[in-house]
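The values are calculated or read from the model by the stated rules, or taken from the named source; none is laboratory data. It should be emphasised that the depicted structure is a prediction, and the values quoted were computed from it without experimental measurement. Neighbour counts are summed over all protein chains in view; Cβ atoms, including those assigned to glycine, are modelled from backbone coordinates with ideal geometry. Areas reflect the complete protein model, heavy atoms only, side chains present, ligands, DNA and RNA absent. Shrake-Rupley method; radii C 1.70, N 1.55, O 1.52, S 1.80 Å.
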Amino acid sequence: MSTTAATSLANRPSLRPGRVTDADRVFSLLKQLASSYAPDRAAFDESFAFLVANDGTSLLLVAEDSAGYVLGYALTTITPLLHTNGRSAQLQELVVDDAHRGTGIGTALLEELERHCRATGVKQLTVASRRSADFYER
């Protein structure tokens, strides 16, 4: 099996929970996601601060390169539901920088999210696949 520089283990991003210091880069990535509206920075800052506080109702994961540059993020909300007999997670946003799409970063973020859900007893993980069904089918 051959590998390319873009997908080799040496070039795999590291994954971690988002931090307050990631706000500028995540906002930049959000603008790549937003095709039908313009993200409002003040509203973003308020929501971002809440999300990185990590109170157990959400998980914001970021993927960064070896220099610490954020290449993508995944935002998931987590809540108890009655019909799942426990907590359920919903992937709300998954964004990889345009220049790094197709290199496995989105897959790595999703796999880490799945691992986190299993480790924390989440009973169900759902994704909205209307715009990205091909990605999830892979």
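Using the Karplus relation 6.51 cos²θ - 1.76 cosθ + 1.60 with θ = phi - 60°, the per-residue 3J(HN,Hα) values for segment 16-22 come to 7, x, x, 10, 3, 5, 8 Hz, with x marking Gly and Pro.
Treating r as the C-beta distance of Asn85 and Phe50 and R0 as 30 Å, the FRET efficiency rounds to 0.65.
Computed over the Cα atoms of segment 21-138, pair by distinct pair, the Kirkwood hydrodynamic radius stands at 15.1 angstrom. Taking 20 °C and 1.002 mPa s as conditions, segment 39-101 diffuses translationally at an estimated 161 µm²/s according to Stokes-Einstein applied to its Kirkwood radius (Cα pairs). You can think of it this way: the chain between Thr77 and Ala43 has 10.5 nm of extra reach, that is 0.36 nm per residue less the Cα-Cα gap.
Which value, in Å², gives the accessible area per residue of segment 19-138 when a 1.4 Å probe is used on the protein heavy atoms? It would help to have the intermediate numbers written out before the result.
On the way: 7010 Å² over 120 residues.
Per-residue accessible area for segment 19-138 comes out at 58 Å².
Per atom type, segment 30-72 shows carbon and sulfur on 55% of its accessible surface, probed at 1.4 Å. Surface calculation, 1.4 Å probe, protein heavy atoms: Asp40 sits at approximately 90 Å² accessible.
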